[in-house]
Amino acid sequence: MSEKCANQFFDYLRNAMNIYNQIIEKTTSGKKQLAVLIDPDKPSVQQLEEIALMANQSAVDSFFIGGSLITNDNIDNCVKILKKNSRIPVIIFPGNTMQVNQNADGILFLSLISGRNAEMLIGKHVIAAPYIRQYGLEVIPTGYMLIESGKPTTALYMSNSLPIPSDKDDIAVCTAIAGEMLGLKMIYMDAGSGAQNHISFSMIEKVKNNISVPLIIGGGIRTAQVAKDIYNAGADMIVVGNAIEKNTSLIPEITKIISCFS
Ligand code: 1GP
């Protein structure tokens, strides 16, 4: 095979297998998705290996890794352990520019469209862009919306932004529509890690009915029943962190529910 043909073949494979294409393919075929959120500060090597094993057995769709405030320099180590123990895509879910990691598969290029903090809308992105390009990470431009969830979360405090009030479905809908119009490829509505209340079913349903890009829902999802209700409301993907850290058997419980949708 000539070098040109080989390059074309690898480009084809890269495009065919990229993370976003897989998310779109699953979303359009109605397959619900689960992302397991790893806070790099928390798990031991043994816990990470256990989560990876459980995720492999249950066909989890993605690992998200990152956090609004990280106090240990452990993200690279976590990415490497996940990559060593699993073929599930590892996607950076960055709380700030320091979390960009060259060993991950992709990055949610989050613009905090619910807030009016210019740094979170575009400022951090300017700083991170050359590194992300250099690392060759797959970039998934994502409209990130923080929703009020009972008490202030770390995400809210660290982002220095106001959340969308939990009962203002119209604001959420208009924000998501604007995000899609700006060209963002996914909408991620987050009640924040450890949220007291998850996002309301009515808000999820209304946003889903008004956008065509995949809808991700996270924050405060603690049981398989709530996961099921959130999928029913219209989420294409849910993100679960804290509850899985406490109880890894929630992974197969949720993927069992997903199999009922397929
Ligand atoms: C937070 O949506 C994620 O950004 C997950 O939240 O840790 O509450 O599951 P939890």
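Nothing in this text is a laboratory measurement; each read-out follows from the coordinates by a stated rule. On a predicted model such as this, the values are computed, not experimentally measured, just so you know. Note: ideal-geometry Cβ built from the backbone for every residue, glycine included; neighbour counts use all protein chains shown.
Only Cα pairs under 8 Å and at least 6 apart count here; give the relative contact order of the chain as a rounded whole percent. Intermediate results must be reported in sequence, preceding the final value.
On the way: 497 pairs, mean separation 49.2, N = 262.
Reported as a whole number, the value is 19 percent.
Summing Lys, Arg as +1 and Asp, Glu as -1, what charge do residues with Cβ under 15 Å from the Cβ of PHE63 carry, PHE63 excluded?
Values: positive: LYS42, LYS80, LYS83, LYS84, ARG87; negative: ASP39, GLU49, GLU50, ASP61, ASP76, ASP105, GLU138, GLU245.
Overall, the nearby charge balance is -3.
Would you give the gap between the C-alpha center of region 61-77 and the C-alpha center of region 96-174, rounded to a whole Å?
What the calculation gives is 15 Å, centre to centre.
Below 15 Å, Cα to Cα, which aspartates and glutamates can LYS84 reach? Residues fewer than 8 away in the same chain don't count.
GLU49, GLU50, ASP76, ASP105
Which far-off residues, 5 or more places away or on another chain, put their amide H under 5 Å from the one on GLY95, with H placed in the peptide plane?
Under 5 Å from the amide H of GLY95 lie the amide H atoms of GLY67, each far enough along the sequence or on another chain.
Just add up the charged neighbours of LYS83: K/R +1, D/E -1, any other residue whose Cβ is under 13 Å from the Cβ of LYS83. If you can, show how the numbers build up before the last one.
Values: positive: LYS80, LYS84, ARG87; negative: GLU49, ASP76, ASP105.
Spelling it out: positives minus negatives among the neighbours equals 0.
Based on a Kirkwood Rh over C-alpha pairs, give the Stokes-Einstein translational diffusion coefficient of region 115-248 at 4 °C and viscosity 1.567 mPa s in µm²/s. If you can, show how the numbers build up before the last one.
Numbers: Rh = 15.4 Å.
It comes out at roughly 84 µm²/s.
Could you sort out which of LYS32/LYS168; LYS42/LYS80; LYS42/LYS246 sit more than 18 Å apart by Cα distance in this structure? Mind dumping the intermediate values first?
Details: LYS32/LYS168 26 Å; LYS42/LYS80 15 Å; LYS42/LYS246 11 Å.
In this structure, LYS32/LYS168 lie more than 18 Å apart at Cα.
To the nearest 20 Debye, how big is the dipole of region 16-259 about its Cα centre, given +1 on the beta carbon of each Lys and Arg and -1 on that of each Asp and Glu?
Numbers: 20 positive and 22 negative charges, 50 e Å.
Here the size comes out at about 240 debye.
Residue by residue through region 32-42, which ³J(HN,Hα) values in whole Hz follow from phi under the Karplus form 6.51 cos²θ - 1.76 cosθ + 1.60 (θ = phi - 60°), with glycine and proline marked x?
6, 10, 10, 10, 8, 8, 10, 8, x, 6, 8
Which peptide among 115-128, 237-250 comes first, and what is the full order, when sorted by highest mean count of other Cβ atoms within 10 Å?
Numbers: 115-128: 15.4, 237-250: 18.9.
So the peptides 115-128, 237-250, ranked by packing, come out 237-250, 115-128.
Just subtract the alpha-carbon distance of THR97 and GLN46 from 0.36 nm times their residue separation and send over the number in nm, one decimal.
Values: separation 51, 0.36 × 51 = 18.36 nm, distance 2.75 nm.
Additional length available on full extension: 15.6 nm.
Enumerate the lysines that LYS31 could reach by cross-link, defined here as Cα to Cα under 17 Å, with residues fewer than 8 away along the same chain left out.
Qualifying lysines at Cα under 17 Å: LYS208, LYS228, LYS256.
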